[in-house]
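> Below is the structure I would like to discuss, written out as structure tokens.
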Amino acid sequence: MGKKRLARAFKYLWLTVVSFISVFPFFWMIIGSTNRSIDVTRGKLTPGNYFMENLNTLLASDQGFLRSLLNSAVIAVLTTILALLISSLAGYGFEIFRSKARDRLFSVLLLSMMVPFSALMIPLYRFFGSLGKTPLKIIGLNTLPSVIIPTLSTAFLIFFFRQNTKSFPKDILEAARMDGLGELAIFFQIYFPTMKATYAAAAIITFMNSWNNYLWPLIALQTPDKRTVPLVISALGTSYTPDYGLIMTAIVIATLPTALVFFVMQKHFVAGMLGSVK
Amino acid sequence: MEKILRDKKAILVFILPAIIAYTAVVFFPMCQSFYFTFFEGTPNVNFEFVGLQNYAKLFGDVNFKESFLTTMQYFFVTGGGWIVFGLIVALMLQYGLNHFSNAARTIIYLPVVIPGVAAAALFSKVLEVTPTYGLLNSLLDVMGLDSLIRGWTGDSATAMWMVCLVDLWKGIGYYTIIFYAGLINVPPEVEEAARIDGAGKLTTIWKIVLPLLKPVTIMCVVLAIMNSLKVYDMPLVLTDGGPGRVTTVLSIYMYKIAFTKWQYGYGSTIAIVMLVLTIVLTQVVMRLDRKENV
């Protein structure tokens, strides 16, 4: 019995260590956002009451933080909606209407999942740059659409939806067709409401990737009024006399949306992931 | 006949948007990148066909070799770490905990939620030495380990390790969730049967659960390969490729060649090397899987 108790003690010790490592940086950044720069530098670990002051300084600074929040939100929300729509249509289509040709097309898609973004960056930069002198300049470099468009179709999401579609009951499909429902109507009225967990998991992943995206916005967005949150944070961190209370406040606010999306949808998240590993 | 035709149209509605988007932003740019590798200079100005010279240049480029090795270090330490720790944590969640399993899962996923740039800014403060000690150095100071105090991200001996560890910290939760989802899918009867046969918990996991988990493991390994070879945001924001060039991974090297030196041709060549490297490594992993299944 003593051995068992020891094992249990070890288990909880381990759990505590892991939790501490996971949580401490969050704890510290929240504490930091309530303290002055000098206190953050000193490693003060108790909450202060400078949060509102930090927030005001942040909003008043010439970095355009509020504007960047708006830009990031527009980009992340539009990307999530459009990417989920395009990818789920395709994932569903590839699984439900199978044919040899389409299966082959799918494996080509899958292979290109390996393409690192770096391999696309130069041509994309040139392409969006070339739009600047045409009527299409509204989606050219330094516009929000130029950040959204390259992330709309990811092989991973198509793969993810196809995997999850495998568990979608096919007899419902037949029944709906008998009732004379069109293929698109079946998709929107039956498939979509049934696959909520899948959409939730996909939404979490897509929203986070978009909100956190750094390299492409860094290249595509050039004027301060177009910058996204990660660009502003990186600018705050490298400024000549960094104000750490302010940086911590910015980090906390930047993390809020993704944390919120995750907590609201996390019940579905594991269920959604489950469908993709079956 | 009419019905089949209508169906064909319907199928197009489903698949076509993805194919169009895909061709425009992935397939076409990829081909163009490959095409650029045979040129040097600035397109439309002095773009010159140079044949295979860019590829030949790679072999003599000390900086490229260094970046390649740095990427490999990240690949083994961080990519490997994601798999090993992700699996261990998922196993603990599934088999080691009777209570708090949901809470623990959420806590472990937390670091994934924080934006990479925010994590970098946060840790640059933890690891700092000037103007004042960061948290880590303060801790070492208190513990009397003065000899260990250093600028963790500014010291060329430790900078790359810090990049690897911070990203390891950030990524474990993601792989844990995928492994965990795979573990939930393992039918309970299998474990039951093993237990009745007198197998201990560890033996059951080692001999029964892990082999069943193989498809999920392969998926995680492929994801880890892809994610670790293309890394850029942590070394870009935490250390900006420095000090010197010690954290200049391939992505950053390519970025600097293409967007600060404006050498599209050579930059594209590095990008193509990354692409080939990713495809070769992932294919090796997938082949291994197939061979063992025969």
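> Among B:ILE15, A:ILE38, rank each residue by its count of other Cβ atoms within 10 Å, from fewest to most, as a rough exposure measure.
Values: B:ILE15 22, A:ILE38 12.
Sorted ascending by nearby Cβ count, the order is A:ILE38, B:ILE15.
> Chymotrypsin sites (Phe, Trp or Tyr not before Pro) within the stretch A:209-278: which are DSSP loop residues with at most 13 other Cβ atoms inside 10 Å?
Within the stretch A:209-278, the qualifying chymotrypsin sites (Phe, Trp or Tyr not before Pro) (loop, at most 13 other Cβ atoms within 10 Å) are A:TYR240.
> Using the Cα centre as the reference, give the magnitude of the dipole from point charges on the C-beta atoms of the stretch A:63-127 (Lys, Arg: +1; Asp, Glu: -1; all else neutral), rounded to the nearest 20 debye.
Computed about the Cα centre, the dipole is about 160 debye.
> Further question: Once amide H atoms are placed 1.01 Å from N in the peptide plane, what residues at a sequence separation of 5 or more from B:ILE149, or on another chain, have their amide H within under 5 Å of its amide H?
Residues meeting the criterion, in which the H sits 1.01 Å from N, do not exist here.
> State the answer as a single residue: which of B:PHE49, B:LEU202, B:GLY242 lies farthest towards the positive end of the charge dipole of the stretch B:49-293, with beta carbon charges of +1 for Lys and Arg and -1 for Asp and Glu, about the Cα centre.
B:PHE49
> So, with +1 on the Cβ of K and R and -1 on the Cβ of D and E, and no other charges, what is the size of the charge dipole of the stretch B:49-293 about its Cα centre, to the nearest 20 debye?
520 debye
> Based only on the alpha carbon positions, what is the Kirkwood hydrodynamic radius of the stretch B:91-142, in angstrom?
Evaluated over the stretch B:91-142, this radius sits at 13.5 Å.
> Let me ask you something else. What residue among A:PRO257, A:LEU274, A:TYR214 has its Cα farthest toward the positive end of the dipole of the stretch A:150-278, where the charges are +1 on Lys, Arg and -1 on Asp, Glu, each on the Cβ?
A:LEU274
> Which of the trypsin sites (Lys or Arg not before Pro) found in the stretch B:202-268 are loop residues per DSSP with 13 or fewer other Cβ atoms within 10 Å of their Cβ?
Values: sites: B:LYS207, B:LYS230, B:ARG245, B:LYS256, B:LYS261; in loops: B:LYS230, B:ARG245, B:LYS261.
Answer in residue order: B:LYS261.
> Let me ask something else. Project the alpha carbons of the stretch B:163-208 onto their principal axes and report the range along each, largest first, in whole Å.
46, 18, 10
> Further question on the same structure: When the Debye formula is applied to the Cα atoms of the stretch B:49-293, each taken as the same point scatterer, what base-10 log of I(q)/I(0) results at q = 0.16 Å⁻¹?
-1.17
> Using unit Cβ charges (K, R positive; D, E negative) and no other charged atoms, how large, in debye to the nearest 20, is the dipole of the stretch A:30-158 about its Cα centre?
360 debye
> Next question, about the same structure. Projected onto the charge dipole of the protein assembly as shown (+1 at Lys/Arg Cβ, -1 at Asp/Glu Cβ, origin at the Cα centre), which of A:ILE75, A:ALA175, B:GLY154 gives the Cα projection farthest towards the positive end?
A:ALA175
> Quote the convex hull volume per residue of chain A, based on C-alpha atoms, as a whole number of Å³.
Here the figure is 212 Å³ per residue.
> Where does the charge balance sit around A:SER146 when Lys and Arg score +1, Asp and Glu -1, over other residues with C-beta under 15 Å from its C-beta?
So the environment of A:SER146 carries a net charge of +4.
> How high is the relative contact order of chain B, given as a whole-number percent (alpha carbon pairs under 8 Å, six or more residues apart)?
It rounds to 27 percent for chain B.
> Helix-derived [θ] at 222 nm for chain A: sum -39500 (n - 2.57) over DSSP H runs of at least 4, divide by residue count, nearest 500?
Values: 14 runs with 200 residues, N = 278.
Calculated at 222 nm, the ellipticity per residue is -23500 deg cm²/dmol.
> Another question, then. Of the cross-linked pairs A:LYS166/B:LYS9; B:LYS170/B:LYS261; A:LYS11/A:LYS44; A:LYS100/A:LYS166, which ones have a Cα-Cα span greater than 25 Å in the structure shown?
B:LYS170/B:LYS261; A:LYS11/A:LYS44
> How would B:ASP240, B:ASP61, A:ASP103 line up from fewest to most surrounding beta-carbon atoms within 10 angstrom?
If I rank by nearby Cβ atoms, fewest first, I get A:ASP103, B:ASP240, B:ASP61.
> Still on this structure, I have one more. Fewest to most neighbouring Cβ within 10 Å: what's the order for A:HIS268, B:HIS99?
The most exposed by this proxy come first: B:HIS99, A:HIS268.
> Right, another one. Percent relative contact order of chain A, based on C-alpha pairs within less than 8 angstrom and at least six residues apart?
On the way: 282 pairs, mean separation 87.6, N = 278.
Relative contact order here is 32 percent.
> Just for the Cα atoms in the stretch B:104-234, what are the lengths along the principal axes, largest first, rounded to whole Å?
Cα spread of the stretch B:104-234 along its principal axes, largest to smallest: 61, 35, 26 Å.
> Another question about this same structure. Taking the Cβ of B:SER156 as the center, what net charge do the other residues with Cβ under 11 Å away carry, scoring Lys and Arg +1 and Asp and Glu -1?
+1
> Here is a follow-up. Using just the Cα positions, wrap the protein assembly as shown in a convex hull and report its mean projected area in square nanometres, one decimal place.
Details: hull surface 127.5 nm².
Mean projected area of the Cα convex hull: 31.9 nm².
Readers should treat all values here as calculations from the given coordinates under stated rules, not as data from a laboratory. None of these values were measured; they are calculated from a predicted model. Don't worry about glycine lacking a Cβ; one is built from the backbone with ideal geometry, like all the others, and counts go over all protein chains shown.
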